[in-house]
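Structure record follows, encoded as structure tokens.
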Amino acid sequence: MSTQLSFDIRLRDSAAFENFFPGANREAVSHLAAVAGDNGPGWSSRTPVTYLWGGHGTGKTHLLQAACRAAQQAGQTVLYIPLDCAAKLSLRVLEDVGAADLVCIDDLQCIAGLADWETALFNVCEHCRASTAALLVTASARPADVGLRMPDLATRLGWGLVYPLHALSDNEKVAAMRLRARNRGLELSEAVARYVLNRYPRDMHALFGLLERMDQTSLAMQRQITIPFIRSLEAED
Amino acid sequence: MKQASPWQKCLDRLEEELSAQQFNTWIRPLHAVNHGKSVRLLAPNRFVMEWVKDRFIDRITELLGQLEMAGEFTVSIEVGSQSGGKEDERSGAKKPATVRVGSSAAPVAGRLNAEFTFDTHVEGKSNQLARAAARQVGENPGAAYNPLFIYGGVGLGKTHLMQAAGNEIIRHTPGAQVAYIHSERFVADMVKGLQHNAINDFKKFYRNLDALLIDDIQFFVGKERSQEEFFHTFNALLEGQRQVIITADRFPKELVGVEERLVSRFGSGLTVSIDPPELETRVAILKKKAATENIDLDDGVAFFIAKRVRSNVRELEGALRRIMASAYFTGRKMDIELVSESLKDLLAFQERQVTINNIQKTVAEYYKIRVGDLHSKSRSRQVARPRQIAMALAKELTEHSLPEIGDAFGGRDHTTVLHACRKVKELADKDVRIQEDFDNLMRILSA
């Protein structure tokens, strides 16, 4: 089936479960994979909503998009709605979820406090509860703390499975970078990964951005990714 | 061999012409319904509809005409979905989606959820009266308790009871027209009815029901036109001795922004409240919920959870779900250790929230006294009673020892705290106002 995007948005190529280093988030990842693959225990498919919350770079969007991709492969009709673009979207994106098997709402905090949007999302919750559709939501904080004005909405979001996404430790960040590199066909030694971690911004977006740049440049220059290679990139900057 | 239909042939051609991404995103989700030389396409949502209309519909029309050598083919597109009829084709759909046609003005009042019955509802002191009333209404609709108005905080089971009554009506009178609708949806449908010149259909639908269950009526606040419409619907149903059940998050008279005549009608039947469930009921809810999933939840574990998750049933069920997930994905036994670990973020939040300072501040505000009064030596009843209640709340809601609690109330002895707790319990048993104050404070602090 397909993923319907609210406008011309592409799922990130890298957003897949096998490309996500779970760290302390293994349970959340397993549950999402079960919902997306429709192969979890009975209560899993009856979970009205799965709510992931965490800070910047904890992998919320990655996991949500990975779930979209997996559900799509399992034959589900998926709707992915990134609310950080809410200003560009019409409320209708939330009003037309009728045919989707899986509704994914990214960055809930962007519409928290906006009465119309909250009401529309409340209706989505009710729709998913009354039908077989599953709802996945990501946000920067717990349902009770994300700034929602409608208590009815906050309690409905808290009714399902709520998982905080924990940031990775330094060792896990090294492992995550190496996993991502390996999936791109790159060999990244532990020493190089640590070198990067000790010298560059340490949030995962920045680290993965850097990895991509290293990948492209090393390919163009036909060079291995080594510490001297990274220094040469630094010199270019 | 079965011949491919025009739409299938068209799909094959489009698949060749478009990129896989374009085809999968915009074309594959479409349903096609053939009527001679016209094809009606159903898009799963408005975005797909508009996108296809803008970019692909001319090509689809052209292709269908060419492929069938039929000259002019009319192609229309709208939002909707249909389950597998003869002429209905969806390219590889796994399962039919529920029918919902977005552009229609027909009311979409929902069916009842069959899981919401009296059997699946857990009775406790907090909901006893509401449950008895709902049961009475289910067995004898349109009679004594009409309307039945159930009010209480969020997530306490109002919808469950209301729908249990509805399901009971249907059980007694198969074929009875019972509709459940959330107030917000009522408003939206009415607006749609007005826009599409179909307000008469809307009125007809509601006024022909045997029972109307309308949830969260507080959403009507400030919406005058909807109130007007509902008022007439409501009167028509009541006059015809049809049952109306209403829920709200507050008492009818507190619905500021709802017309007086409607408020007084709401209160003309029976008004009952649902309070937050007390500890034993919370335990019973957990055990029942676990049992429906074939899980035998140990009493000690159930008490452990119920003592920590207090504010509402949804939160309680959410906590249980999380524990079941942890047990399933880690293969561990559902014991207190697992429960503490899996609820750590939730519990940490609750424990962080409720401090003695917080309790003192809330109690002082509630009784309109100063926090300093709670620390003072004053024994006047206006101060002593709130102080005792605050101490009892501190014992109930925090992990502090009694000497610590005594200390936080102006250096009092732990026996004073113990005395306060006993006194509050004794008073609450005798005086319903003290009980209400205590419950209200508990609700405020655990929310």
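Things worth noting here:
- Altogether, the Stokes-Einstein calculation at 10 °C and 1.306 mPa s, with the Kirkwood radius of region A:3-164 over Cα pairs as Rh, returns a diffusion coefficient of 103 µm²/s.
- Beta bridge orientation in the protein assembly as shown: antiparallel %, DSSP, nearest 5: 15
- Whole-Hz couplings from phi, Karplus 6.51/-1.76/1.60, listed for region A:126-137; x for Gly and Pro: 5, 4, 5, 5, 7, 10, 9, 5, 9, 10, 10, 10
- Region A:187-202 - phi-based ³J(HN,Hα) in whole Hz, Karplus 6.51/-1.76/1.60, Gly and Pro as x: 9, 10, 6, 4, 4, 5, 4, 5, 4, 5, 4, 7, 10, 10, x, 9
- With helices as the sole contributors, the protein assembly as shown gives -15500 deg cm²/dmol at 222 nm; each DSSP H run of n ≥ 4 counts as -39500 (n - 2.57), and the sum is divided by every residue.
- Of all aspartates and glutamates in the structure, those lying under 16 Å Cα to Cα from B:LYS368, and not within fewer than 8 positions of it along the same chain, are B:ASP437.
- By the rule of a C-alpha distance below 27 Å, with chain neighbours fewer than 8 residues away ignored, the lysines paired with B:LYS344 are A:LYS60, A:LYS173, B:LYS287, B:LYS288, B:LYS289, B:LYS307, B:LYS333, B:LYS361, B:LYS395.
- Since only B:GLN360, A:ALA206, A:LEU63 are under comparison, the one whose Cα sits farthest along the positive direction of the charge dipole of the protein assembly as shown, derived from C-beta charges on Lys, Arg, Asp and Glu, is B:GLN360.
- Modelled FRET efficiency - R0 25 Å, B:THR330 with A:GLU190, Cβ distances, 0.05 increments: 0.30
- Applying a DSSP loop filter and a limit of 15 other Cβ atoms within 10 Å to the GluC sites (Glu not before Pro) in region B:355-447 leaves B:GLU399.
- If R0 is taken as 41 Å, the Cβ-Cβ distance between A:TYR200 and A:LYS88 corresponds to a FRET efficiency of 0.80.
- In Å, descending, principal axis extents of the Cα set of region A:170-236: 29, 25, 20
- Qualifying aspartates and glutamates (Cα of each under 15 Å from Cα of B:LYS192; at least 8 residues distant if same chain): A:GLU95, A:ASP96, B:GLU184, B:ASP201, B:GLU229
- Residue-normalised accessible area of chain A, given per residue in Å² at a 1.4 Å probe: 39
- Taking 7 Å steps out from each Cα toward its Cβ at B:THR173 and B:PHE251 produces label points 3.3 nm apart.
- Taking label points 7 Å from Cα along the Cα-to-Cβ direction, B:GLU436 and A:MET221 give a separation of 7.7 nm.
- Computed about its Cα centre, the charge dipole of the protein assembly as shown is approximately 980 debye, with only Lys, Arg, Asp and Glu carrying charge at their Cβ.
- Rounded Å value of the spacing that divides the Cα centres of region B:278-294 and region A:46-96: 32
- Contact-buried residues of region A:96-137, at a threshold of 50 Å² lost accessible area versus the chain by itself: A:ASP96, A:ALA99, A:ASN123, A:ARG129 (1.4 Å probe; DNA, RNA and ligands ignored).
- Surface composition of chain A: carbon and sulfur atoms hold 49% of the protein heavy-atom accessible area at a 1.4 Å probe.
- Those residues of region A:49-87 whose amide nitrogen sits under 19 Å from the label point placed on A:GLU212, 7 Å along Cα→Cβ: A:56-69, A:82-85
- Cα gyration tensor, the protein assembly as shown - rounded (a/c under 1.5), prolate or oblate: oblate
- Restricting region B:335-427 to trypsin sites (Lys or Arg not before Pro) in coil, as DSSP defines it, with at most 14 other Cβ within 10 Å: B:LYS368, B:ARG370, B:LYS377, B:ARG379
- DSSP-loop trypsin sites (Lys or Arg not before Pro) across region B:174-281, with at most 15 other Cβ within 10 angstrom: B:ARG250
- On full extension, the segment bounded by B:ARG225 and B:ASP201 gains 7.0 nm, given 0.36 nm per residue less the C-alpha separation.
- Neighbourhood net charge (11 Å Cβ-Cβ; Lys/Arg +1, Asp/Glu -1) for B:SER311: +4
- Annotation: per residue accessible area for chain B equals 48 Å², rounded to a whole number [probe 1.4 Å, protein chains only].
- Region A:170-236, dipole about Cα centre (Lys/Arg Cβ +1, Asp/Glu Cβ -1), debye to the nearest 20: 80
- Computed from backbone phi with θ = phi - 60° and the Karplus coefficients 6.51, -1.76 and 1.60, the 3J(HN,Hα) list for region B:418-434 is 4, 4, 4, 4, 4, 4, 4, 5, 4, 5, 5, 5, 8, 10, 5, 5, 5 Hz; x is used for glycine and proline.
The values are calculated or read from the model by the stated rules, or taken from the named source; none is laboratory data. On a predicted model such as this, the values are computed, not experimentally measured, just so you know. With ideal geometry, Cβ positions are generated from the backbone for all residues, glycine too; neighbour counts draw on all protein chains shown. Heads up: the accessible areas ignore ligands, DNA and RNA and are worked out on the full protein's heavy atoms, side chains in. Shrake-Rupley method; radii C 1.70, N 1.55, O 1.52, S 1.80 Å.
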